[in-house]
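First comes the structure, then the notes that go with it.
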Amino acid sequence: MTGRIPPPLTPAPELTLSADAESITIDQTGLKASIIAPAEGLTAHLAVTASDVDEWTLSEVPSWVGATKTTDGIAFAVEANSSTDSRTAEFTITATNESGTAEARVELFQDGIVIPEPELALSSDDSAVTISDNGLSAAVAVAAEGAEIAIAVQTNVAAPVIEGMPEWLDATFEDSVLTLDIAANTSIDIRTAAIRVTAENRTGVIEAAIDIVQAGVAAAELTLSESAIEFSGDGETRSVEFATNQLVVEIAAPAWLTVDKGDESFTLTAAANTTGAARSGEVTVTAGTGANTATATVAVSQERQPSTMVFVVATTASVKKLTLPTLSTADAEVAITVDWGDGSDAEVFTAGLTASNAHEYADEGEYTVTIASDNTFTAFQFYNNARLKAIVKNSLDMSGVKTLSRCFYNDRALESVPADMLASCTGATAADNMFYGCIALKSIPDGFFAPLTLCKTFANCFQNCAALETIPAGMFEGSIATNFNSIFNGSGIKALPARCFAGCTATSEMKNICTGCKQLETIAPDAFEGCTKITTFYNAFSSCESLKAIPVTLFASCTGLNELDYCFQRCTGLTSLPAGMFDNNRSIRWMEYCFQRCENLTGETPYTVIDGNKIHLYEREFYPDYFLNPSSHDYCFSYDELLDDYATLKTTGWAQ
């Protein structure tokens, strides 16, 4: 019997380690590698040669070692060690076949981080700072007025601790610079602060000291350039200089003075004294704070403002004579002083003024005339005065004036009036024709008519004021007047402003108010808000050729409105009408010529929607439960041929 021949044996596996990195050492056997990694980490490669095996394995490797098998060995990416302690790792490389096992070992050692001892040093270029030789102390000397001090802090510690700041010191630390903002010391006492800067880590601690000494202020001293000031009755501003060694200066003054304080002076402003009596008081100036103060005073007084009217006149080469306004008084004693403004002696009149009181100027030009009087006047009028150019101010007592009718009638050179013109005219009940024919008048100040709370009529007030382009909002708001007819007739106003007549509940008529205002472009939606008693706008906006639109709410408050004859006749700038502009006006009866020759109107004529149906003006007669029948409407839309419903208007008699 022949014996079996055993198969040939596979050679036992062999392992060999090699590396060319300085951080890896291979022993003589080639089976042990020692790796030394610095604290900051390491990347290296260990070559592994294995024979007679298809694969070799690694034992478990710590995650911080970062060992990765490659085609020819192991790539290491050792993480940085954030600890001061060193650390080690050991793992095995194993190759196995049927004939045996070969192993190689890897030992890895990593250093811990080295923390240097804390370092700290102070430095500064500021002349107020003295740094010690070792840089660990700083002496800061600051004057009473305070200062901003910068001290550099050199340290290898990320966040040094800064302590010991008093309330009067603000400290900021940024970009290795400690900035000390030292407030002013208002006390006479010296004050100190001891600031400590500490740098500390696990290896130790080091401290620097910053000692601050701030001087106190000197004993308070104060001098003023003035001890007494007399202000004119018209008001003025006066300056007072002060000298002090203190940082804090406070000024207390009577309520009738306004104080504006500077570094070395202050101004006192007294407004016009309209109280009717002289007034006096004391200004107190205090330098310093607490117990360290010095005080000085200025005695102040102001005479009462004389009651005056100041106006400007312009003479020409051919007309150099000025006539005075009418100023009547019922006072038993009369004293009226007139300064003609040309250097001539002022005249004193012992009776009321009339147009017969005149003055002849030597040269043509403009002159400022001042009328002064303490009398109470019962009548005032600048009627038909061709020389009057402007009223500058008026503080005359005109509380006895009952009417301002024709006050500036036909003053064709008058350009402006002041806001206080009518301040004392609280008893006036009429202002009709007041500026009639003042063709140069350019504007009216806000609140001009506010004192006329008893006025009943402003009819024709600005008629033919061709240069008057703007008027203030709310000009007549809340007025008790019953008559505004023709108030802006023929004027140059470009807009009827917001709330112009709002709340005028006493008037029922707005006839001709803006007739022929050819520059009028807009009407505010609330111009007549709350005017619940108005029944007619007869000819109100006729021939306003520049008017571009009618607000839908213009007549909303006028629920009793019944007449609109000629109201918007020849308003050729209108291109459409708001559909609901008459929704609240259910009692309209007269609309003759209302929109005649508004030849650029397009779209539908106004209508009110009831139960989903459009009810036009010409259809109201069929809805007696909702509307009165507009019984008089001849030519209302005649020549408005671009309107969508013009054919209907013709057949219904609204455009005949």
With V300, V259 as the choices, which residue is surrounded by fewer than 17 Cβ atoms within 10 Å (Cβ to Cβ) and not in a loop (DSSP other than H, G, I, E, B)? V259
From the option list A104, A171, A75, single residue qualifying as touching a strand residue (DSSP E or B) at 6+ places or on another chain (Cβ under 7 Å), without any contact (Cβ under 8 Å) to a residue 40 or more places away in the chain, in a strand (DSSP E or B) and closer than 30 Å to A12 by Cβ is A75
Of the residues in region 383-406, those that are in contact with a Pro (Cβ under 9 Å, 6 or more places away or on another chain), surrounded by 22 or more Cβ atoms within 10 Å (Cβ to Cβ) and more than 24 Å from R304 (Cα to Cα) come to N385, L388
Considering only region 174-194, state which residues are of a type in the set (D, E) and assigned to a strand (DSSP E or B). E174, D181
Given (1) under 30 Å from I74 (Cβ atoms); (2) surrounded by fewer than 13 Cβ atoms within 10 Å (Cβ to Cβ), number of the condition D111 does not satisfy: (2)
Exactly one of (1) within 25 Å of P497 (Cβ to Cβ); (2) without any contact (Cβ under 8 Å) to a residue 40 or more places away in the chain is unmet by R620. Its number? (1)
Exactly one of V161, V140 is surrounded by fewer than 14 Cβ atoms within 10 Å (Cβ to Cβ), more than 30 Å from E60 (Cα to Cα) and in contact with a strand residue (DSSP E or B) (Cβ under 7 Å, 6 or more places away or on another chain), and that one is V161
What is the one condition in (1) under 50 Å from the mean Cα position of the chain (by Cα); (2) part of a strand (DSSP E or B) that V348 does not satisfy? (1)
For region 356-367, check the following and say yes or no: at least one residue is buried (at least 20 other Cβ atoms within 10 Å of the Cβ), not aliphatic (A, V, I, L, M) and not in a loop (DSSP other than H, G, I, E, B). yes
Examine region 566-573 for a residue that is more than 26 Å from Y646 (Cβ to Cβ) and in contact with a Leu (Cβ under 9 Å, 6 or more places away or on another chain), and state whether such a residue exists. no
Going through region 523-574 one residue at a time, which ones are under 19 Å from R586 (Cα atoms), of a type in the set (D, E) and assigned to a loop (DSSP other than H, G, I, E, B)? E529, D565
Testing T350 on (1) modelled with pLDDT of 95 or more; (2) surrounded by 16 or more Cβ atoms within 10 Å (Cβ to Cβ), one condition comes back false. Which one is that? (2)
Scan (1) among the β-branched types (V, I, T); (2) loosely packed, with under 14 Cβ neighbours inside 10 Å; (3) under 15 Å from Y566 (Cα atoms) for the single condition I588 breaks and write down its number. (2)
Between a residue in region 78-94 that is in the same structural domain as S23 (by TED's automatic domain parsing) and without any contact (Cβ under 8 Å) to a residue 60 or more places away in the chain and any residue that is part of a strand (DSSP E or B) and among the hydroxyl-bearing types (S, T, Y), which pairs come within a Cβ distance under 8 Å, given they are 6 or more apart or on different chains? V78/T43; T94/T57; T94/T101
Surrounded by fewer than 18 Cβ atoms within 10 Å (Cβ to Cβ), not in a strand (DSSP E or B) and not β-branched (V, I, T), is that true of A419? yes
Counted residues, region 78-91 - those being loosely packed, with under 13 Cβ neighbours inside 10 Å and part of a strand (DSSP E or B): 2
Filter result for A502 (over 21 Å from L404 (Cβ atoms), touching a strand residue (DSSP E or B) at 6+ places or on another chain (Cβ under 6 Å) and either surrounded by fewer than 23 Cβ atoms within 10 Å (Cβ to Cβ) or not aliphatic (A, V, I, L, M) (or both)): no
Could you say whether any residue in region 423-437 is at negative phi, touching an Asp or Glu at 6+ places or on another chain (Cβ under 8 Å) and surrounded by fewer than 20 Cβ atoms within 10 Å (Cβ to Cβ)? no
Select, from V205, V217, V213, V197, the only residue that is surrounded by 15 or more Cβ atoms within 10 Å (Cβ to Cβ) and assigned to a strand (DSSP E or B). V197
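The values are calculated or read from the model by the stated rules, or taken from the named source; none is laboratory data. Since we're looking at a predicted model, the values are computed, not measured. Cβ: placed from backbone, ideal geometry, glycine included. Neighbour counts: every protein chain shown.
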